[in-house]
Amino acid sequence: MSKNPFGVLNPEQLSAQYIAENFVDVFTDLPRIKDSGNTFISGARGTGKSMLLRALEPQVMLALRGDIKTLKDLPFFGVHIPLRKVEFGLPELGRLAGYARLAIGEHLLTTQVVFGLAASLKALDQMISVDDATAFVSEFNRLLSLSGGQPGQPASDADSKQLFETVRKACEEEVIKVRQYYTRAPFDEQAPAYNGALTGFLDFLVPLSTVIKNFASLNNVPIFVMLDDADNLPRHLQRLLNSWVSTRSTHVVCLKITTQLGYATYRTVDNRLIESPHDFSEVNLSTIYTSDLNNYSRRVAEIVARRFKLADIKASVDEFFPIDTEQAASIEQICLEIEKEHTEKLARGEKGAARPRDEVLRQAVPRYMTTLAGRSKSSHTYSYAGFRSLVDLSSGVVRWFLEPASQMYDRVASDHKGVVNSIPVGVQDRVALDWSSEFRQKLSVKQVAAPSDDGEPNIDLSDASLHAIGHEPESYDRLRNLLDGLGSLFRMRLLDESASERRVFSIVIRGKPDRDLEGVLDLGVRLGYLQKADNAAKEKGGLRLPRYIMARRLGPYYRLDVSGYAVHFSVMASTLAIAMREPKAFVRARLKEETATTNQLGFDLGYDGNDSEA
């Protein structure tokens, strides 16, 4: 059986050569990431944050074989530091308090960064002189000694690889020592005295990075410290990281920090607020990818084309993922009918869209889905097959395209003895529906583990990352109900032939949500079921309201039209709160609100960003 070209691998375990062959350069859209400054990069899980950072590593940039052929050609020296490691998830980190917690936490974080730097330099040792390697080890030992640590072997005439390895091992030992301290602390009634090293950003990482900058093999470029998934850090370490940002030491170290939509605070250790653009710039991958669907579709097509080339698949993406031709023909006939009706309507002097094409985009698929529902009371026969439709379903998350595509490939490969030239429409539809239903079912209370009763009362949960709290079964139950209420409301609007705007996938909220509703909405964003738009909906008078977009991955489950053009449904916060407990009652209440005004007043006539076709 041929290798599945859509396999999703952990970016941390991929070789530089693999990333160079498979990564699609998105930096033309994201120039701020390569700027010499601090940058926060946020996005849902699977949007490609880790791959993006790994593509900035020198090993990958050299493997691309473009303009960068030596270390002298690098515009910066980047090191990828994943923060999902167990070192930062230990509950023991919350046992200490005050300055001790911060000082030891900073040492642990600094040591992890230097470990990554030493490992990266070791991989490039053939391009680095022994003199530069010796200078790096000497400075490391000097700074470690000043920080209260025990330096390793003094730098000698060993080769560069061995010299960098001594630093890497020393950092590994420091991490073990700190972990041992945290692990043993609970055995004493009072926290034992910490006698190890205490390294930091300004007194350790910056001067050591300055030595790297001055390597003869480099061109005095800044060091990019790329901290991946920083919202997994406990909050006191997030504050510490913000303090690093506030130093504005970007002439030596630029911090590139990714978060999975759960960064808890932008306050520093001393409670100052770091702000954009003075201290950092911001990039939200979820917003960028969903606000320009055509551009995102081209990126996915490039990714798939590269994988096809490596797998020796000759088909284009549209040939490999064919559409349902019978359905396409029916929709095309409806398009002609709508265009004719609209032209006649304008000729009679009635109001309507200026261009017939706009009316076609709004009405064609909803009208087709209405005919299906009228025939069978179910539109499960609506086909979501086709490359562009699968891109729409992925909701701007690259992994959400690759995962179902991988399942489709495996099904066809098992039926055709490993030979896969295309994915039949039926297979696409079955996987798309199963994949959508599975996403909804993950919120089932039975699927959510109940909180443990043997939790340690001394652990400060207020310091935990947002990803570590708020996962009680009740919260999942409320989120599922809220989505069911919205899905039913959107479906009802889709089938309403009297509505001028029938495609709805997002809401704007009027009124202030209470704490319960706000918590459920935030959970939905962190888990990927909702996206909170950065550019809130604008009301008359300039008032801006929060806007939430449902993940189009849920489209097949709720039988919705997932294509790009859609309006925003306006909902009172008090009414939306009903959905958390009684989805059907919410739909009735929302429809009652609408009949109290008019059809049009129920909508905010903006778009959710996916209107690039309009």
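The values are calculated or read from the model by the stated rules, or taken from the named source; none is laboratory data. Given the structure is predicted, the values throughout are model-derived calculations rather than measurements. Positions of Cβ are backbone-derived with ideal geometry, glycine not excepted, and every protein chain shown enters the neighbour counts.
If you go through the stretch 178-204 and keep only what is assigned to a helix (DSSP H, G or I) and touching a Leu at 6+ places or on another chain (Cβ under 9 Å), you end up with V178, R179, Y182, T183, A185, F201, D203, F204. Scanning the stretch 497-533 for residues that are surrounded by fewer than 17 Cβ atoms within 10 Å (Cβ to Cβ), touching a Lys or Arg at 6+ places or on another chain (Cβ under 9 Å) and not in a helix (DSSP H, G or I) returns E497, S500. Might you let me know whether the stretch 108-116 holds any residue that is under 27 Å from F164 (Cβ atoms), surrounded by fewer than 19 Cβ atoms within 10 Å (Cβ to Cβ) and at pLDDT 90 or above? No; the residues of the stretch 108-116 include none that is under 27 Å from F164 (Cβ atoms), surrounded by fewer than 19 Cβ atoms within 10 Å (Cβ to Cβ) and at pLDDT 90 or above.
Pairs linking a residue in the stretch 519-541 that is farther than 19 Å from L285 by Cα to a residue that is assigned to a loop (DSSP other than H, G, I, E, B) and at pLDDT 90 or above, with Cβ atoms under 7 Å and 6 or more positions apart or on different chains, are V520/M580; L521/P513. Looking across the stretch 556-573 at every residue that is in contact with a Gly (Cβ under 9 Å, 6 or more places away or on another chain) and either of a type in the set (F, W, Y) or in a helix (DSSP H, G or I) (or both), the one that is modelled with the lowest pLDDT is identified as F569. Selection of the stretch 385-413 for residues being small (G, A, S) and either without any contact (Cβ under 8 Å) to a residue 24 or more places away in the chain or surrounded by 18 or more Cβ atoms within 10 Å (Cβ to Cβ) (or both) yields A385, G386, S389, S394, S395, G396, A405.
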